[in-house]
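All remarks here apply to the structure that follows.
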């Protein structure tokens, strides 16, 4: 898995974890039956995973179609005005510090093959890699799976037990998972692992505490 893919997976797990541990504790705070908490957690897992997948599918598809349109425009420009497009490459290379003669030589080399010319213009002018536009389906499936995994962790105790035991186990699993996610983010970003873990734990703890407090208040008033 690439670094970018690993980051996306970790963020998906983080979203699922924070979302569902907050939902589960919020519902549990109202002291309903264990079946209600379990149903809420399962609903949160399924709904959240499908929502993440749908959002990723739509956004990635829109991005891909936009890139493909820009590539089509660039392809037409290369076919209709190759000399002008070569001149643009020369200007880009000169701005990067190449001498005029070397910039011209390199631009001529890039323009010899239509495929290479398109890829070069796409990268240099548009900032697009035509070979790595991304797959909306793969992104959607990845988002679904990683969110579901994160959302499942705090739900596990409620699939096996109920009451205060399940509540405390859910808190413990959620805290441990948040620390684990923080550690992985710290390793990937090269930042302090301790700070990253503490930040992730704090975010999950605040979200869970707020929703649990709301659940307690609503449950008591009811």
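The values are calculated or read from the model by the stated rules, or taken from the named source; none is laboratory data. Every value quoted in this text rests on a predicted model; they were computed, and no experiment measured them. Methodologically, a virtual Cβ is constructed for each residue, glycine included, from the backbone with ideal geometry; neighbour enumeration extends over all protein chains shown.
Listing for the model above:
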quantity: Matching option when the condition is within 19 Å of residue 25 (Cβ to Cβ) and in contact (Cβ under 8 Å) with a residue 12 or more places away in the chain, among 118, 126, 133, 159; calculated: 159
quantity: Residue 191, sole failed condition from (1) at pLDDT below 95; (2) part of a helix (DSSP H, G or I); (3) more than 21 Å from residue 52 (Cβ to Cβ); calculated: (2)
quantity: Options 146, 189; residue that is under 16 Å from the mean Cα position of the chain (by Cα) and surrounded by fewer than 17 Cβ atoms within 10 Å (Cβ to Cβ); calculated: 189
quantity: Matching residues in segment 47-57 - criterion: being touching a residue at least 24 places away in the same chain (Cβ under 8 Å) and surrounded by fewer than 16 Cβ atoms within 10 Å (Cβ to Cβ); calculated: 50, 54, 55
quantity: Entirely in segment 65-168, the helices (runs of 4 or more DSSP H) that have 1 or more residues that are modelled with pLDDT under 90 and within 26 Å of residue 53 (Cα to Cα); calculated: 136-152
quantity: Residues being more than 18 Å from residue 219 (Cβ to Cβ) and either crowded, with 19+ Cβ neighbours inside 10 Å or more than 27 Å from the chain's Cα centre (by Cα) (or both) - total across segment 24-43; calculated: 0
